[in-house]
1. For the chain, with a Gaussian network of springs between Cα atoms less than 10 Å apart, report the residue from 28, 36, 44 with the top mean-square fluctuation.
2. Taking the Cβ of residue 81 as the centre, find all other residues whose Cβ is under 11 Å away and add up their charges (Lys, Arg: +1; Asp, Glu: -1).
3. Return the lysines within reach of residue 75: Cα separation strictly under 24 angstrom, same-chain partners fewer than 8 residues apart disregarded; answer none if there are no such residues.
4. How many angstrom lie between the Cα centre of region 52-67 and the Cα centre of region 99-117?
5. From Cα pairs below 8 angstrom and at least 6 apart in sequence, can you work out the relative contact order of the chain, rounded to a whole percent?
6. Counting only helical runs of four or more DSSP H residues, what would the 222 nm mean residue ellipticity of the chain come to if each run contributes -39,500 (n - 2.57) and the total is spread over all its residues?
7. Name the residue, out of 96, 56, 121, whose mean-square fluctuation peaks in a Gaussian network model built on the chain with Cα pairs under 10 Å.
8. Around residue 71, what is the net charge, scoring Lys/Arg as +1 and Asp/Glu as -1 over all other residues with Cβ under 12 Å from its Cβ?
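Every number here is computed from the coordinates shown, using simple stated rules; none is lab data. No experiment lies behind these values; they were computed from the predicted model shown. Neighbour counts are summed over all protein chains in view; Cβ atoms, including those assigned to glycine, are modelled from backbone coordinates with ideal geometry.
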Amino acid sequence: MSSRINLNPEEIVIAEVPIAVSTVLGSCLAVVFFCCRLRIGAICHATLPQGSCRFDGKYVNQAIAYMFHYFEGLKVRPAELTVKVFGGAEMFGVTDGVGMRNQQAALEALKQLGLNPSVLDVGGNRGRRLVFFSETGEVYRKWVKRTTR
């Protein structure tokens with residue numbers, strides 16, 4: 001059985017050993033990279049769309065760049081990467097809020113790297129609870145129940 005850890009906002013986990021990574025998303029975005037050949041997976045929990053800091057897990061564009069460069073250092077070709085994107089909900093009814101901007105930043109960053117997500121589970125107005133299994137690249141998603149204030 002895999003070890004299990006929690007991924008907090010602004011963190012990146014790159015796992016070269018089997019591990020289950022749990023996180024909860026609202027407007028934040030999780031991007032998963034998986035290389036089947038090496039059985040290595042990575043996941044980020046980015047909170048904001050873009051930043052100029054180099055390889056900061058806080059920003060979608062920088063977290064994606066960090067993970068991509070890690071795999072590039074292992075001689076993984078872009079065609080060997082499975083990419084999945086989750087989150088980016090508009091939790092407060094805003095149609096062009098941070099959730100949408102996070103989605104746009106992810107798609108643009110991935111496009112610039114020549115990557116297309118095989119899973120794009122984004123948007124809506126509810127949070128998502130994810131569990132990512134690094135040894136298989138599988139991601140299980142469960143909707144978070146909405147609560148009234």
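1. The residue with the greatest mean-square fluctuation here is 36.
2. Working: positive: 37, 77, 84; negative: 72, 80.
Once all neighbours under 11 Å are counted, the net charge is +1.
3. Straight-line reach from residue 75, under 24 Å: 84, 111.
4. The two parts, judged by their Cα centres, are 12 Å apart.
5. Values: 367 pairs, mean separation 42.2, N = 149.
Normalised by residue count, the contact order of the chain is 28 percent.
6. Details: 2 runs with 29 residues, N = 149.
One gets -6500 deg cm²/dmol as the mean residue ellipticity at 222 nm.
7. In this elastic network of the chain, the residue with the biggest mean-square fluctuation among 96, 56, 121 is 96.
8. On the way: positive: 37, 75, 77; negative: 16, 72, 80.
Local charge sum for residue 71: 0.
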